[in-house]
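The values are calculated or read from the model by the stated rules, or taken from the named source; none is laboratory data. Predicted model only: the values in this text are computed from it and were never measured. Counting neighbours? That spans all protein chains shown, and the Cβs are built from the backbone with ideal geometry, glycine included. Side chains included, ligands, DNA and RNA excluded: accessible areas come from the protein's heavy atoms. Shrake-Rupley method; radii C 1.70, N 1.55, O 1.52, S 1.80 Å.
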Amino acid sequence: MKNLFVKIAAVGLLMLVPAIAQAAEGYSTANVNMRAGPSTRYPAVAVIPAGSSVEIRGCLSDVNWCDVEFYGGRGWVSGQYVQALYQQRRVYVGPQYYRPLGIPMIRFSVDNYWDRYYRNRDFYRDRDRWSRGPDYYYRDRDNRDRDRNNRDRDRDWRDRDGRGQDRDRDRNRDWRDDNRRDDRRDNDRRVFDCRPGDPSCDP
């Protein structure tokens, strides 16, 4: 009885292996970026030259993006840039062809996928922000850039204002000094120009 259960389990596993290992051969139709996720906003990890062969490991059901393998690397390519051979002709990979081509429908998770394939990439350190989605990542990055620009603008304004106040103080000091010099010059001229008995010199 025990041997019967072992045999049934082994047969079950053998039946699952082809489903797990399913992949279809595809061809890139253009020089296309293979990306770290199913969107053009995810980082590019490689460029697949036009006409190159790729293994399609699975595609998403809700958007036409597929997980592909290219020269041992893994990444995502839009189905509109991948063709596969179906009934003696090449067709663009789309949801209507997933089942006939033997392409499994899969899900994407930044955490699992990046842990498996991108640990040595620079963008991996931002995985927590990317895991919220590329739109969140870019919105967060844009907000940080905007905050930094505002801080720089405020600092520039303060620096400019500080220099402006210094310039105003210098200008006022120069004006006062000029007036004092003019007063002294007038007094000196009055003393020098006055002759005894000159009525214009009387105080």
*Among the residues of the stretch 109-139, how many are in contact with a strand residue (DSSP E or B) (Cβ under 9 Å, 6 or more places away or on another chain), assigned to a loop (DSSP other than H, G, I, E, B) and open to solvent by 50 Å² or more (accessible area, probe 1.4 Å)?*
1
_In the stretch 15-33, residue modelled with the lowest pLDDT [restricted to those that are in a strand (DSSP E or B) and over 26 Å from the mean Cα position of the chain (by Cα)]_ = ALA24
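Select, from GLY37, GLY73, the only residue that is under 25 Å from GLY133 (Cβ atoms), touching a residue at least 24 places away in the same chain (Cβ under 8 Å) and touching a helix residue (DSSP H, G or I) at 6+ places or on another chain (Cβ under 7 Å).
GLY37
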*State whether one or more residues within the stretch 100-107 are farther than 21 Å from GLU25 by Cβ, open to solvent by 10 Å² or more (accessible area, probe 1.4 Å), part of a helix (DSSP H, G or I) and free of Cβ contacts under 8 Å to residues at least 60 places away in the same chain.*
no
_Please go through the stretch 34-45 and give me each residue that is open to solvent by less than 60 Å² (accessible area, probe 1.4 Å) and either under 20 Å from ALA24 (Cα atoms) or not in a strand (DSSP E or B) (or both), ordered by number._
MET34, ARG35, ALA36, GLY37, PRO38, SER39, TYR42, PRO43
*asked:* With the requirement that a residue be open to solvent by 20 Å² or more (accessible area, probe 1.4 Å) and closer than 22 Å to PRO49 by Cβ, what does the stretch 68-88 give you?
replied: GLU69, PHE70, TYR71, GLY72, GLY73, ARG74, GLN80, TYR81, GLN83, LEU85
